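Here, each number is a calculation from the coordinates, and none is a lab measurement. All of these numbers come straight from a predicted model, not from anything done at the bench. All Cβ positions, glycine included, derive from the backbone under ideal geometry; neighbour counts span all protein chains shown.
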Amino acid sequence: KSILVLHGPNLNLLGLREPAHYGRDTLDSINAKLTAQAAQAGITLEAFQSNSEAELVGKVQQLAGKRVDFIIINPAAYTHTSIALRDALAAVAIPFIEVHLSNIHAREQFRHHSYFSDLAVGVICGLGARGYLLALDYAINTNVET
Ligand code: DQA
């Protein structure tokens, strides 16, 4: 099994950025925990962060024809804006879980809508960094029909 974790814009600042919303864990520490959890299950995990919509779309497009079984994605601000990234995920048709550290529904109105949720296998939000680990547990232990 192979899993790709995608982190959107500003998530490279985790640990420093608005800790009340996003916690104190850095992106590196989150990726390290995910990698350890995947390794324990004998699964390959790649993590990729970008502040650029074009790079994220490109990364998803490259998956066409590759054996990636699951994507875990926190599209960050692109959650609320990016039809392009949504369309890329729809194009490659790889099952994905949408993760947000904060509870986007308890925040500003503009964060309540996601361009991804209706396509996602599931959505986890508000559980902080643990949300990624819970999503990975699901991805490891579930076979989704595609
Ligand atoms: C976020 C929530 C988004 O609204 C925000 O733009 C982010 C992070 C989260 O993980 O809580 O950058 O996706």
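Before moving on, here are some points about what is shown:
- Complete set of residues in region 66-90 that are over 13 Å from A54 (Cα atoms), of a type in the set (D, E, K, R) and surrounded by 15 or more Cβ atoms within 10 Å (Cβ to Cβ): D69
- If the condition is being of a type in the set (D, E) and either without any contact (Cβ under 8 Å) to a residue 12 or more places away in the chain or within 19 Å of L14 (Cβ to Cβ) (or both), then region 54-81 contributes only E55.
- Residue check for Y22: crowded, with 21+ Cβ neighbours inside 10 Å and among the hydroxyl-bearing types (S, T, Y): no
- Of all residues making up region 12-33, the number that are within 19 Å of S50 (Cα to Cα) and not in a loop (DSSP other than H, G, I, E, B): 9
- Matching residues in region 34-49 - criterion: being touching a residue at least 40 places away in the same chain (Cβ under 8 Å) and either in a helix (DSSP H, G or I) or aliphatic (A, V, I, L, M) (or both): L34, Q37, A38, A41, I43, L45, A47
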